[in-house]
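Undergrad: Below you'll find the structure I mean.
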Amino acid sequence: MINSQKTEQITTLSKLIQDAKFSHYLDFSRKTGISELTLHRIDCGLIDQIPLKYIKTIARELNLSLEDFLNHIDGKFSDTSTTQTSTNGDDNLRAQITQEVQQGVMDTLESLLLQLPTLVKVVEKKPDLPASRLIPLLKPLNNLLSGWDIKAIAPVGAIVKYDPQQHELMATTQEEIEKVEIRYVGYRQKDKLLYRAKVSPVETKIQEGN
């Protein structure tokens with residue numbers, strides 16, 4: 001049963017490659033940079049162990065969307081154990097895609113995410129500033145971050161215990177640091193640190209004020 005499924009799987013992948021005008025696996029490998037071993041691993045139902053960037057390349061070179069390619073490949077497994085493996089692989093791929101999309105958006109919005117809370121704090125202190133009209137427009141962004149379980153380490157202006165793992169000093173000091181003030185927020189996604197918060201030692205700020 002397993003052997004027949006593998007043969008059918010190979011036939012499916014081979015047909016997709018031929019439909020895309022590639023003569024065989026070696027030809028496809030040479031023109032795309034995807035190793036034959038990677039293709040055979042897909043044949044064996046190990047697609048969940050293939051890096052997402054390779055799967056995207058294969059789908060693109062076969063003139064298929066990522067979803068269509070996965071449907072072609074996963075649709076050929078029929079018994080319970082193989083279907084479960086295929087489903088798990090599909091779930092893993094979706095998780096990888098979600099993470100990649102989220103990281104891409106975060107990279108694009110990095111400067112906005114890091115500086116915006118500080119701007120909002122200034123506007124809150126001076127509500128007559130024209131920029132105050134922009135604050136309601138930021139609600140969708142906050143909802144997006146919340147939906148991805150991305151949270152600020154601490155709000156701008158908060159006085160917190162210094163943690164070098166989460167805080168980046170904006171100025172060096174020889175004094176022992178206990179408390180710091182958040183100047184620019186940092187972000188975490190569950191247990192993953194995305195950006196450290198930029199902080200100033202509380203003692204340094206008091207001295208400067210004097």
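Read the figures in this text as sums done on the coordinates, not as results from a lab. Computed from a prediction, not measured in an experiment: that's the story for all the values here. Glycine gets a Cβ as well: all are built from the backbone with ideal geometry, and neighbour counts include every protein chain shown.
Undergrad: Taking θ as phi - 60°, what are the ³J(HN,Hα) couplings along the range 35-51 by the Karplus curve (6.51, -1.76, 1.60), each to the nearest whole Hz, with x for Gly and Pro?
TA: Using θ = phi - 60°, the values come out as 5, 4, 4, 4, 5, 5, 5, 5, 4, 8, x, 9, 4, 5, 9, 8, x Hz.
Undergrad: If I model a spin label as a point 7 Å beyond the Cα along the Cα-Cβ vector, how far apart are those points for ASP149 and THR98 in nm?
TA: Calculated label separation equals 0.8 nm.
Undergrad: Let me ask something else. Could you list which residues have their amide H under 5 Å from that of TYR195, counting only those 5 or more apart in sequence or on another chain, with H placed in the peptide plane?
TA: TYR187
Undergrad: Within 10 Å, count the other beta carbons around each residue, average over each peptide in 157-164, 176-183, and list them highest first. Kindly include the intermediate steps, with their values, before the conclusion.
TA: On the way: 157-164: 12.8, 176-183: 16.8.
Highest to lowest by the protection proxy: 176-183, 157-164.
Undergrad: Another question, if that's okay. HN-Hα J couplings of the range 60-70 from phi, Karplus 6.51/-1.76/1.60, θ = phi - 60°, integer Hz, Gly and Pro as x?
TA: With coefficients 6.51, -1.76 and 1.60, one gets 5, 5, 8, 6, 10, 6, 4, 5, 5, 4, 5 Hz.
Undergrad: Within the set LYS139/LYS198; LYS56/LYS192; LYS161/LYS190; LYS139/LYS161; LYS31/LYS53; LYS139/LYS192, which residue pairs have Cα atoms separated by over 27 Å? Don't skip to the end; give the middle numbers.
TA: Details: LYS139/LYS198 23 Å; LYS56/LYS192 25 Å; LYS161/LYS190 20 Å; LYS139/LYS161 29 Å; LYS31/LYS53 16 Å; LYS139/LYS192 24 Å.
Checking Cα-Cα distances, LYS139/LYS161 exceed 27 Å.
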